[in-house]
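Colleague: Before I ask anything, here is the structure I am working with.
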Amino acid sequence: MIQIPQTTFDTYLQCLKNQKYFQAHEVLEDFWFPHRFQNNNEVKLLKGFINAAVSFELHKRNKKQQSKQVWKNYLKYRQLLYKINSPNLKYYYLLSREIDRHMLYL
């Protein structure tokens, strides 16, 4: 289980809403990075959320093909949302819904 303050989720969401996708990626990467070698669904889900922000940033920079490739990684990990038990689960659902709203830009 990864301890992530609510403010981190709030910051990630705010970055997405303001189309500051690179910053959104950085916010979650700080928590994901120390755990990146763990074979853990929550760690993989965080990687997926990071990938979503990276995909949006690539799209914003007109790198459409790269954006689509990274988006596929997000989709691969997104399904883990339904397989984890975490105190962060309600925030993960919020992130997923906000990402879905931004998906319309892809």
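Colleague: Between GLN3 and PHE22, what length in nm is gained on full extension when 0.36 nm per residue of separation is reduced by their alpha carbon distance?
Modeller: Extra length from GLN3 to PHE22 when fully extended: 4.6 nm.
Colleague: Something else about it: About its Cα centre, what dipole magnitude does the range 6-103 give when the only charges are +1 on Lys and Arg Cβ and -1 on Asp and Glu Cβ, stated in debye to the nearest 20?
Modeller: Charge dipole, the range 6-103, about its Cα centre: 500 debye, nearest 20.
Colleague: How many nm separate the modelled label positions at LEU75 and ARG36, each set 7 Å beyond the Cα in the direction of the Cβ?
Modeller: About 2.5 nm separates the two model spin labels.
Colleague: Run through all the Cα pairs of the range 6-103 and give the fraction in each 5 Å bin from 0, expressed as whole percent.
Modeller: Result returned by the calculation: 3, 14, 27, 28, 19, 8, 2, 0.
Colleague: Using a Förster distance of 25 angstrom, determine the FRET efficiency expected from the C-beta separation of TYR82 and ASN62, and round it to 0.05.
Modeller: Working: r = 33 Å, r/R0 = 1.34.
So, using R0 = 25 Å, E works out to roughly 0.15.
Colleague: Any of LYS17/LYS60; LYS20/LYS63; LYS17/LYS64; LYS17/LYS44; LYS17/LYS76 with alpha carbons more than 18 Å apart? Name them for me. Don't skip to the answer; put the middle values down first.
Modeller: On the way: LYS17/LYS60 14 Å; LYS20/LYS63 16 Å; LYS17/LYS64 20 Å; LYS17/LYS44 23 Å; LYS17/LYS76 23 Å.
Checking Cα-Cα distances, LYS17/LYS64; LYS17/LYS44; LYS17/LYS76 exceed 18 Å.
Colleague: Related question: Between the range 9-71 and the range 87-104, what is the separation of their alpha carbon centroids in Å?
Modeller: Between the Cα centre of the range 9-71 and that of the range 87-104, the gap is 12 Å.
Colleague: Expressed in whole Å with the largest first, what are the equivalent ellipsoid semi-axes of the range 1-49 derived from the C-alpha gyration tensor as the square root of 5 times each eigenvalue? Write out the running numbers ahead of the final one.
Modeller: Numbers: eigenvalues 79, 23, 13 Å².
Gyration-tensor ellipsoid for the range 1-49: 20, 11, 8 Å.
Colleague: OK, next. Each residue of the range 64-70 in turn: what ³J(HN,Hα) in whole Hz from Karplus with 6.51, -1.76, 1.60 and θ = phi - 60°, glycine and Pro shown as x?
Modeller: Residue by residue, the range 64-70 yields 4, 5, 5, 4, 5, 5, 5 Hz.
None of the figures in this text is laboratory data; all of them are computed from the coordinates on show. Everything quoted here is computed from the prediction, not taken from an experiment. Don't worry about glycine lacking a Cβ; one is built from the backbone with ideal geometry, like all the others, and counts go over all protein chains shown.
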